[in-house]
Amino acid sequence: MSDGATILSEVDHDQRWRDRLLNLAAKQLAGPVVPSFNSVLQAMSGADPVLVQSLISELADTSSLDVRDRCRAVLADCRRANTSSPVVEDHLLPPPHPLDYEWRFTHDTRTQLASTALIRSPRSVLLLGCPTVAITLLSSHSDFRLTLVDDNPALPLLSNFVEGDHPRYRQVRADLTSTPNVTAGLRADVVIADAPFYPDAMAGFLHAAVAGTRQRGRILFALPPSGTRPTAKRDVGNFHRLAREAGLSHVSTRQGAVRYLRPPFERNAHRSAGLLSVEDDWRAADLATFVRGPDPATLSKPEGSSERSRWQEVVVTGKRWRVRVDEHSSAAVEGLLRKVSTSAILDTVSQRDSRRQLANVCTDDNEYFVTTNPSLLIQVLTSVIRGCDPVTQVGDSLGRPLTPMEHSEVRLLRELIEYRSMRPLTSD
Ligand SMILES: C[S@@+](CC[C@H](N)C(=O)[O-])C[C@H]1O[C@@H](n2cnc3c(N)ncnc32)[C@H](O)[C@@H]1O
């Protein structure tokens with residue numbers, strides 16, 4: 001098939017996926033009672049609230065008069081502030097960052113997953129990207145070996161937060177997309193994995209799960225529901241194929257069995273899109289259970305590539321700035337921090353958003369920027385933390401005094417960083 005035909009069929013595929021969601025939304029709006037925005041959202045197979053809002057707007061323009069009125073009522077409901085579901089922040093954990101895809105489980109889900117892990121008194125449990133379950137399991141004080149693998153650069157040693165000694169707890173920082181073999185030989189009885197919902201990450205986490213489980217061990221894996229994005233169904237199908245090839249038997253999938261707390265960065269995206277009524281636990285995913293076969297698993301390393309190591313994190317007064325450092329960085333002292341669009345806070349958390357592709361700076365407030373000189377930006381961020389003068393610091397590293405223009409550019413950058421690092425961010 002030619003490239004042109006492939007692109008066309010992808011476009012067709014996306015359109016069919018959107019049409020299916022449009023039908024789902026239409027069904028919700030066909031009844032005699034006007035539903036709330038949140039109840040429509042719950043029926044949309046995990047579709048993003050921003051997309052659901054645009055589907056309802058489309059229906060408002062194209063449907064019969066009575067459906068149109070209901071759509072308008074639901075759209076008005078989107079904009080009503082939600083007072084019923086304040087986010088329960090995790091004070092032990094750093095603020096979630098969009099580049100880590102950190103959707104944390106609700107307290108009910110953490111407890112349920114921890115109890116499921118503890119059935120049959122395991123001797124060893126492996127968690128892949130599940131820090132909240134690690135805290136819950138550490139608090140259970142049961143006597144088993146517990147390993148958490150997670151690539152969050154800001155994740156503290158979690159056993160420090162739970163009373164008592166935890167000699168059998170190990171926390172490993174590793175990028176499971178590029179180094180999924182770090183779990184080899186762990187022989188865990190149970191693995192719980194929650195990868196970012198993208199094929200490369202799902203394949204890496206799967207590989208790590210299989211490598212780290214004993215024969216006949218159980219693997220619980222959170223998987224994206226079909227409304228998550230156009231390719232979600234295909235991605236889950238491919239995931240099951242990889243699981244079979246790795247010698248896993250699929251036991252069950254419980255739809256919507258795990259639920260997440262909306263992270264602050266997603267709350268910012270919703271606010272930017274004018275969505276004020278979204279409930280903090282709107283997002284759910286499916287939970288698939290597998291058993292590893294009796295034969296040694298035949299594992300070939302997944303082909304996925306990862307750019308994670310190119311992003312460096314600098315934390316300024318609790319705010320997490322990530323900057324992508326490129327090999328061929330410019331030496332410019334201008335254009336040090338520019339918003340990727342009129343607002344730095346994007347109204348979406350989708351990786352596919354084209355503005356996100358342009359950005360090489362991203363914060364945990366869902367702000368995206370472009371910098372011409374990532375290394376210099378990192379220097380200025382660091383000088384703000386240390387309370388040093390960034391102009392002197394930049395001049396020293398360039399080995400020359402700054403021109404008046406460069407001088408004011410660096411000063412302005414420092415003010416911007418200080419302003420944007422204030423919590424809560426008051427305006428864009
Ligand atoms: C979807 S979140 C799951 C969090 C989980 N629901 C919880 O409540 O603990 C993904 C997790 O995987 C981690 N992560 C993201 N990409 C990773 C990668 N390539 N390798 C290892 N860990 C990764 C993130 O830091 C985050 O903790």
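With R₀ set to 60 Å, the beta-carbon distance separating Asp295 from Val33 gives a calculated FRET efficiency near 0.65. Shown in residue order for region 203-211 are the 3J(HN,Hα) couplings computed by the Karplus curve 6.51 cos²θ - 1.76 cosθ + 1.60 at θ = phi - 60°: 5, x, 5, 5, 4, 5, 5, 5, 5 Hz (x for Gly and Pro).
Here the spin labels are modelled as points 7 Å beyond Cα on the Cα-Cβ line, and at Arg234 and Thr83 they lie 4.7 nm apart. Amide H contacts for Leu146 (H built 1.01 Å from N in the peptide plane; partners 5 or more residues away or on another chain; cut-off under 5 Å): Val125, Tyr169, Arg170. In order along region 409-420, the phi-based Karplus estimate (6.51 cos²θ - 1.76 cosθ + 1.60, θ = phi - 60°) of 3J(HN,Hα) comes to 4, 5, 4, 4, 4, 4, 5, 4, 4, 5, 5, 6 Hz; Gly and Pro are listed as x.
Distance between the 7 Å Cα→Cβ label points at Ile385 and Phe161: 2.0 nm. Rounded to the nearest 20, the Cβ-based charge dipole of region 146-222 about its Cα centre (Lys and Arg +1, Asp and Glu -1) stands at 400 debye. Relative protection proxy for 335-344, 129-138, from highest mean packing down: 129-138, 335-344 (other beta-carbon atoms within 10 angstrom).
Between the listed residues Val315, Val325, Ser277, the Cα displaced farthest toward the positive end of the dipole of the chain, a dipole computed from Cβ unit charges relative to the Cα centre, is found at Ser277. Solvent-accessible surface (1.4 Å probe) assigned to Arg308 amounts to roughly 70 Å².
Extension gain, Ser341 to Arg173: 0.36 nm times the residue separation minus the Cα-Cα distance gives 57.2 nm.
Residues of region 25-45 with an amide N closer than 19 Å to a point placed 7 Å from the Cα of Ala73 along the Cα-to-Cβ direction: 25-43. Note on Lys319: lysines with a C-alpha under 19 Å away, same-chain residues under 8 apart excluded, are Lys339. Karplus-derived 3J(HN,Hα) values for region 173-178, using 6.51 cos²θ - 1.76 cosθ + 1.60 with θ = phi - 60°, are 8, 7, 7, 6, 6, 9 Hz; glycine and proline are entered as x.
Computed about the Cα centre, the dipole magnitude for region 3-78 is approximately 340 debye when only Lys and Arg (+1) and Asp and Glu (-1) carry charge, each at its Cβ. Close amide H pairs (under 5 Å, H built 1.01 Å from N) link Ala195 with Ala222, residues at least 5 positions away or on another chain. Counting only lysines at least 8 places from Lys27 when in the same chain, those with an alpha carbon closer than 25 Å to its own are Lys233.
Expressed as a whole percent, the accessible area of the chain that falls on carbon and sulfur atoms is 52 (1.4 Å probe). Separation of region 57-73 and region 218-242, taken as the distance between their Cα centroids, equals 33 angstrom. Among Pro153, Pro294, Pro32, determine the one that fluctuates most according to a GNM of the chain built with springs between C-alpha atoms less than 10 Å apart. The residue with the greatest mean-square fluctuation here is Pro32. In the full protein context, region 98-292 carries 39 Å² of accessible surface per residue, based on a 1.4 Å probe and ignoring ligands, DNA and RNA.
The values are calculated or read from the model by the stated rules, or taken from the named source; none is laboratory data. Everything quoted here is computed from the prediction, not taken from an experiment. When we count neighbours, we look across all protein chains shown, and the Cβ atoms used for this are built from the backbone with ideal geometry, even at glycine. Ligands, DNA and RNA are excluded from the accessible area calculation, which covers all protein heavy atoms including side chains. Shrake-Rupley method; radii C 1.70, N 1.55, O 1.52, S 1.80 Å.
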